[in-house]
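Single-structure report; data block below.
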Amino acid sequence: MKKAGDRSCVGIYCTKMITSSVLGGLRAARTSVIVTRNLAAASKAADPIQQLFLDKIREYKQKSAGGKLVGASPAVEKELKTELEKLERQYGGGSGVDMTAFPSFKFEDPKLDPIDEQAAAKK
């Protein structure tokens, strides 16, 4: 049975640490390569399928400029409006309240009564 002070246990622990640090570095390098590759593909597409994909993304960006759903039918827009009204009733939103914005918080320090040590000592 190996003990904590045994050299073989220390060697295994060091090997695990080195392995995990090397693998972490490789993961970071791989992520960097993927991001670089994707940025290069976005600027100029060599493949016609990539070019079609980029064209569709640009088209979608133009259509969604107003912040509305792209290609939504009137039934879908009505359902969205109904769901937003439910959320307004449930969470206190009303007319003029933007339910999509992050709420703002205001914290005030509580008022504390001063402690009078002399009055407590007299009692």
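Each value in this text was obtained by applying a stated rule to the coordinates, not by laboratory testing. All figures in this text were calculated on a predicted structure; none of them were measured in a lab. Positions of Cβ are generated from backbone atoms using ideal geometry, with glycine treated the same way; all protein chains shown enter the neighbour counts.
Values for this structure:
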| quantity | calculated |
| --- | --- |
| Cα-based reach from K63 at 18 Å (exclusive), listing aspartates and glutamates while leaving out same-chain residues under 8 positions away | D55, E77 |
| Projected label distance in nm at A75 and R89, using a 7 Å step from Cα toward the beta-carbon | 2.3 nm |
| Least to most buried among S64, S73, S104 (fewest other Cβ within 10 Å first) | S104, S73, S64 |
| Distance violations [Cα-Cα > 31 Å] among K86/K111; K61/K86; K61/K81; K56/K81; K78/K106; K56/K86 | K86/K111; K78/K106; K56/K86 |
| Sparse-neighbourhood loop sites, trypsin sites (Lys or Arg not before Pro) in segment 42-81 - DSSP loop, at most 13 other Cβ within 10 angstrom | K44, K68 |
